[in-house]
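K.L.:
Here you go, one structure.
Readers should treat all values here as calculations from the given coordinates under stated rules, not as data from a laboratory. Note that the structure is predicted; figures quoted are calculated from it, not measured. Don't worry about glycine lacking a Cβ; one is built from the backbone with ideal geometry, like all the others, and counts go over all protein chains shown.
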Amino acid sequence: MLEVSDLHMVEIISGMGSLTRAAEALNISQPTLSKRLARLEQQLGTKLFEREATGLTPTLIAEYLIDSTAQIKANMASVQRQVERLVEHDTGNLRIGVGPIIEQVLLPPVLTQLAKRTGSVRLSIVTDRADILLEQLKSGQLDVIAGPYNADDAAHKEAGLEAIDLIRENTINVARVEHPIFNESNADFFAYPYASPPVQGTMTGMRRPTNQERARVFADNYSLLKSLILESDYICGGPQHIFASEIEEGRLKVIEESPSVPWQSACLTQRKSLDTPLVKLFVNILMKERDRYLGIDS
């Protein structure tokens with residue numbers, strides 16, 4: 001099979017006009033170059049150079065090879081540039097899956113930093129249940145996921161996944177400041193309707209008296225849930241960061257000594273994917289935002 005090095009050799013020999021000068025240019029011995037040329041001519045079944053008094057003159061076949069070399073080099077330069085662009089994060093596709101809490105807590109600043117450090121990258125973001133995201137990651141539909149996973153789960157390693165710990169904390173419960181629960185002594189937390197994302201992954205549900213039912217709203221969109229509790233007697237639960245601005249503005253208030261839910265999260269990706277530039281960049285930015293969220297100095 002014809003190789004690029006063969007084309008380069010023919011081009012150099014043609015340009016130099018002699019095997020001796022061509023060997024020097026190629027930094028090999030003249031006998032070695034003669035053997036390589038003879039082997040190529042035998043492979044192609046034709047002479048590539050006429051030996052004349054003035055030196056070596058390329059045949060029509062050699063001239064065709066030389067003309068083709070220019071196009072091949074141009075194509076190779078284009079391929080190299082494309083690789084460089086990928087390494088420099090100028091282009092490519094990144095498919096991200098996140099849980100509803102990560103979507104609100106970490107994803108916005110991560111996307112901002114990602115946009116500043118990449119070019120014409122196409123981002124696809126999916127918010128879904130933890131089990132669905134995990135299956136899509138394993139099947140190759142997603143490149144990286146972040147949600148309510150336990151980074152220490154041995155099943156991740158067995159599946160060939162790299163797991164990076166993100167946030168571990170207890171959730172809080174909030175309600176509008178005018179909520180009647182704040183004016184009751186010995187208020188019954190479970191007497192009021194409750195809104196939250198579906199319990200999943202590392203989250204465990206709140207225990208309530210078995211004889212006590214309450215209205216529930218499950219939604220992945222915290223903006224929708226906050227709109228609900230600001231206009232009703234619903235109570236909502238989640239990480240404190242979710243409600244930070246509304247609490248600071250005095251529109252929502254933390255229900256002290258209410259049941260809390262332990263929650264932890266992790267970033268998962270295929271081990272082989274972690275070496276690709278865009279996935280590596282996303283994970284690095286995500287870890288920095290995690291440290292900022294946790295108040296860890298970088």
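K.L.:
Below 8 Å, C-alpha to C-alpha, sequence gap of six or more: please give me the relative contact order for segment 4-87 in percent.
P.N.:
29
K.L.:
In the neighborhood of Gly97, defined by Cβ-to-Cβ distances under 13 Å, what is the net charge if each Lys or Arg adds +1 and each Asp or Glu adds -1?
P.N.:
-3
K.L.:
Given the options Gly147, Gly250, Gly99, which has the most mean-square fluctuation in a GNM of the chain, springs set between C-alpha atoms less than 10 angstrom apart?
P.N.:
Greatest mean-square fluctuation among the candidates belongs to Gly250.
K.L.:
Please give the helix 60-87 orientation as an angle from the longest Cα principal axis of the chain, in degrees from 0 to 90, rounded to the nearest 10.
P.N.:
20
K.L.:
Please name whichever of Met16, Phe49, Val79 sits farthest to the positive end of the charge dipole of segment 4-87, dipole taken about the Cα centre and charges placed at Cβ: Lys and Arg +1, Asp and Glu -1.
P.N.:
Val79
K.L.:
Whole-Hz ³J(HN,Hα) for each residue in segment 31-46, computed from phi via Karplus 6.51 cos²θ - 1.76 cosθ + 1.60 with θ = phi - 60°, x for glycine and proline: what do you get?
P.N.:
For segment 31-46, the Karplus curve yields x, 5, 5, 4, 5, 5, 5, 5, 5, 5, 4, 5, 4, 7, x, 7 Hz.
K.L.:
Also, I was wondering about something else. For the chain, modelled as a GNM with alpha-carbon contacts under 10 angstrom, which of Ile102, Ile132, Ile12 fluctuates the most?
P.N.:
For the chain, modelled as a Gaussian network with Cα springs under 10 Å, the answer is Ile12.
K.L.:
What is the local net charge at Gln136, summed over the other residues whose Cβ is closer than 15 Å to its Cβ (Lys, Arg +1; Asp, Glu -1)?
P.N.:
So the environment of Gln136 carries a net charge of -1.
K.L.:
Hey, how many Å between the Cα centroid of segment 97-143 and the Cα centroid of segment 1-20?
P.N.:
Here the answer is 50 Å between Cα centres.
K.L.:
For the chain, what does the helix formula give at 222 nm: sum of -39500 (n - 2.57) over DSSP H segments with n ≥ 4, over the residue count, nearest 500 deg cm²/dmol?
P.N.:
Details: 11 runs with 127 residues, N = 298.
Here the helix-only value at 222 nm equals -13000 deg cm²/dmol.
K.L.:
Related question: Springs between alpha-carbon pairs under 10 angstrom, Gaussian network model over the chain: which of Ile229, Ile96, Ile61 fluctuates most?
P.N.:
Ile61
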